[in-house]
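Notes follow once the structure below has been shown.
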Amino acid sequence: MVGVFFVVLLMLVLTLGLTGFSDRILAATIGEQLRAERTALAETIRDPDEMEKVLEKRREELEIFYGLRTPWYYRLPSTALRVLTLDLGEARSLRSFDGSNRVFDIVTERVPNSMLLLTTSFIITAIIGIVGGSYLATRQGSWLDRFVSGFAAVSYAIPTWWIGILFILILSIQLRILPSGGMYSTPPPTEPLPRFFDLVSHALLPVITLVLVSFGPSIYSIRTITLNIAQEDHVKIARAKGLPESRVRLRHILRVAAPPIVTGLLFGLAGSLSGSILVETVFNWQGMGRLYYDALAGTPDENVIVALTFIFTLMYVMIRIVLEVLYVFLDPRVRYTD
Amino acid sequence: MNRANALREVLRSGPGFGGVSLLGLLIVVALYVLLVFPLDFGESQWSNPIVWVDNPKAVPPVWTNSFRRETRPPHRIFEGREPHTEQMARSGPVHSWRFPLTYTSSHPPTFLAVTLADVRYEERPPLVLISLKRPDGKQLRIYRHTVRGPREGESGPFLRYGQTPLRVQLSTDEATVTAVQNFLADEFDLRLDGAQIGGRVDRFLFGFPSGDSEEAFVPLTGDYEIIVQAAMREEGDSVGRVRFVVGGAVFGLMGTDSLGRDLARGLLFAVPVALFIGIISALMSTAIGTSLGIASGYLGGRADITIQRISDIVANVPVLPLLIFMLFIVGPSLWMIIFILVIFGWPGLTIQIRSMVLHVRTNQLVEAIQSLGASRRRVMFRHILPQITPYVFAQLIFGAPAAILSEAGLSFLGLGDPSIPTWGQILEAGFRTGGIYLGYWWWIVPPGLCIVITALTFMLLGLGIEPVVNPRLRRSPP
């Protein structure tokens, strides 16, 4: 997994270098620094020609210092470091909530908003999946079972974000039940409790959208996993011993099925990272996904796009690392030893 | 199982039958589009505002009228080339066109526009007059235009409005407003100033005072006639084309977007595009995935390790962010989108094919052929490939909806190929311009439905074919 991370980082950095993009970031940084110095120098140097000369010299120094005079591939490590620390200069037109134009501020303040949406819908999907899946495993072949497997297949053919748009069209625009987008009403309530409920009412539609398209496949895969395990010998023995059915299901089926179930769910979470980009866009949810859309609109904000691609990779890789750690706890056969 | 049998079995399953019939329908539509639409439809028409200028903006489809109590006016376009009648007057020949219009709607037209094109005259410019004859017998002149005269140094015959036809929006035309003002004063004894009339000309022209207040007019239904007259100065002068548009509040099969584009045409053109994207990217990523999978499984050794490492990495990157990033860097074009979808589309298949090949290569048939001295390539493609073909075929079909959905998502983020309309781009336009918040459902619902239907077609096909090609999934008799 760490390999994936470095490959993506390398790819990002190479693309930045090859497209002359890293040059532009550096040039912008230097320009910014020179502007700052000009105001400071204006105190001491009166003559404009003298001033230009000093600044030109300073620019040369800075360009050598930042390595702008050397070809881009010599600067790969420092560009990589810049991406890693999100030190990508300033955004062109996007601003953070309190007006900063630094890419770092703009991107990082969105992370919690995205996480809020993702984790909420993930937990709901997981609960529905586990409860529904293990229930369906006992009703194999029923009409409900067939319906869910059909529904799961159809879910793969439906664009999540379009379902979101339909929700807005029907529930927000026609029936005016729920807000059509954003995270808070304008102006946002100041009291903590109303503020919380305001957030909930805004989060309802995006969460429902994300859950609606992911719970079908999740129920279906958990049902299949539990079914396979329910047919194993140790379950028959447990039943033969006369253990109560609830105990068999919980201790002998679900416990054994836990590792593949968790794998499936976390893979689903990683997959819904992509879905959330579009769902956030549709609902104007102030997360990283919506930021992608805003950064792509009009004159694109390149730095922000680079930063976002990096953060999404980071999140994706982190989910996978969590998965590997969880495996150790869930499956006693897995041990990481030298 | 031979091919005919396999097909019969696919058709017998519910999903298989649904998939095959939907695919047939889509292919018929795609062929129709390829025959009827110009290939550069996107550039020459869809993104060319001049084509759509005479259409009403953001209006629902015509058939919505059957669900409403009050019918909205349909869109009417009258066009004439050869004059309907020619008369001789003292000043010269008078060409006239008469367009009958039966007006039944309880709403006034949304706009009135007139277009003149290809005017030709020898010496002195013709004069164009347009009058409206109402069902109540009243008639008024609503437009009067003298074609632009000769420029200095220019010699006849003079051609006017050839490249750029003259288009006048009567609803806001000053002369028309004055004409309506006089008409109201003479006929209904109403004295309104220009500001009260401007922009609402249609309401007065197609209505009569309801008596509630000065400006309250209710539409007058009945038979109207639009009379266009061109007074020529010489024999042989002509107006090549006359066009009069009575703007409706409903349009066509699918309505229009906020630029007046006929959504039905955009949706239709996107059918072959979507099929193309789905099929080509599925074919290419399946080809890459299969050949790498076979190579990895059969060759083993360093090749195997390299391919496995690469596919592990590509299979584990977050696809959409990287798709966005790469498309953003290289710029949006249809081929680039397909190329990038293929780059990220192959690894899953490679991993599965490899494990199947590992299984197949140990069977006796393959061992026997190897001992006969067959080359590695021959074994791979003549003996291993046929054994996994059915499985590959099913995967090929499941690959298509994924590509179609990805393209739609990318287009929705504004990364679609601007020269080719797709459903994702139509949705993007509806979303970005705020169409969804104004409740323009005919702009939002149909493209999404098209995406779902197309993706579902391939899903159903795959579901129908999978049990046939994969014996383990065949349902055991109860």
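Bear in mind these aren't lab numbers, they're just calculated from the coordinates by the rules spelled out. The structure displayed is predicted, hence computed values, not measured ones. Glycine gets a Cβ as well: all are built from the backbone with ideal geometry, and neighbour counts include every protein chain shown.
Assuming R0 = 25 Å, can you tell me the calculated FRET efficiency for the pair B:L449 and B:K57, based on Cβ-Cβ distance, to the nearest 0.05? Mind showing how you got there, number by number?
Numbers: r = 23 Å, r/R0 = 0.91.
With a Förster radius of 25 Å, E is 0.65.
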Exercise for review: Within the stretch B:280-305, which residues have the backbone N less than 19 Å from the label spot 7 Å out from B:Q387 along Cα→beta-carbon, could you tell me?
Suggested key: B:290-301, B:304
Check your understanding: With the dipole of the protein assembly as shown worked out from charges on the C-beta (+1 for Lys and Arg, -1 for Asp and Glu) around the Cα centre, which of B:T102, A:F197, A:L41 lies farthest toward the positive end?
Key -> A:F197
Review point. Simple spin-label model, 7 Å along Cα-to-Cβ: A:E63 to B:S210 in nm?
Key: 7.3 nm
Study note, to complete from the structure: Per the rule of 0.36 nm per residue minus the C-alpha distance, extending B:F17 to B:L34 adds in nm 3.6 nm
Review point. Rg and Dmax of the stretch A:1-61, using alpha carbons, in Å: what are they?
Key: 18.1, 58
Point to revise | Estimated inter-spin distance, B:A185 and B:S291, nm [label 7 Å along Cα→Cβ] | key: 8.2 nm
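With a ≥ b ≥ c the root eigenvalues of the C-alpha gyration tensor of the stretch B:280-327, is it rounded (a/c under 1.5), prolate (a/b larger than b/c) or oblate? Provide the component values of the computation, followed by the final result.
Numbers: a/c = 3.83, a/b = 1.59, b/c = 2.41.
In terms of gyration-tensor shape, oblate.
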Practice item. Could you give the size of the charge dipole of the protein assembly as shown about its Cα centre, using +1 on the Cβ of each K and R and -1 on the Cβ of each D and E, expressed in debye and rounded to the nearest 20? Key: 3640 debye
Check your understanding: To the nearest 0.05, how large is the calculated FRET efficiency for A:E324 and B:Q163 if R₀ is 45 Å and r is the Cβ-Cβ distance?
Key -> 0.10
Point to revise | Charge dipole (the protein assembly as shown, unit charges on Cβ, about Cα centre) - positive-most of B:L7, A:L94, A:L10 | key: B:L7
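Please find the FRET efficiency linking A:A36 to B:A195, where r is the Cβ-Cβ separation and R0 is fixed at 51 Å, and quote it to the nearest 0.05.
Once the sixth-power term is evaluated, E becomes 0.40.
Using the alpha carbon gyration tensor of the stretch A:30-176, what are the three equivalent-ellipsoid semi-axes (square root of 5 times each eigenvalue), largest first, in whole Å? The partial results should precede the final answer.
Values: eigenvalues 674, 83, 34 Å².
Semi-axis lengths for the stretch A:30-176 are 58, 20, 13 Å.
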Exercise for review: Could you give the size of the charge dipole of chain A about its Cα centre, using +1 on the Cβ of each K and R and -1 on the Cβ of each D and E, expressed in debye and rounded to the nearest 20?
Suggested key: 1800 debye
Check your understanding: Based solely on its DSSP helices, what 222 nm [θ] is calculated for chain A when runs of n ≥ 4 H residues each add -39,500 (n - 2.57) and the sum is averaged over all residues, nearest 500 deg cm²/dmol?
Key -> -23500 deg cm²/dmol
**Study point:** Spacing of the two label points (7 Å from each Cα toward its C-beta) at A:F267 and A:R146, in nm
**Key:** 2.7 nm
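Would you please calculate the Kirkwood hydrodynamic radius of the protein assembly as shown over all C-alpha pairs and express it in Å, rounded to one decimal? Before the final figure, lay out the partial values.
Values: mean 1/r = 0.0312 Å⁻¹.
Result for the protein assembly as shown stands at 32.0 Å.
What does the helix-only formula give at 222 nm for chain B: each DSSP H stretch with n ≥ 4 adding -39500 (n - 2.57), the total divided by the residues, and the result rounded to the nearest 500 deg cm²/dmol? Write down the numbers at each step before the final one.
Details: 14 runs with 222 residues, N = 478.
Helix contribution divided over all residues of chain B: -15500 deg cm²/dmol.
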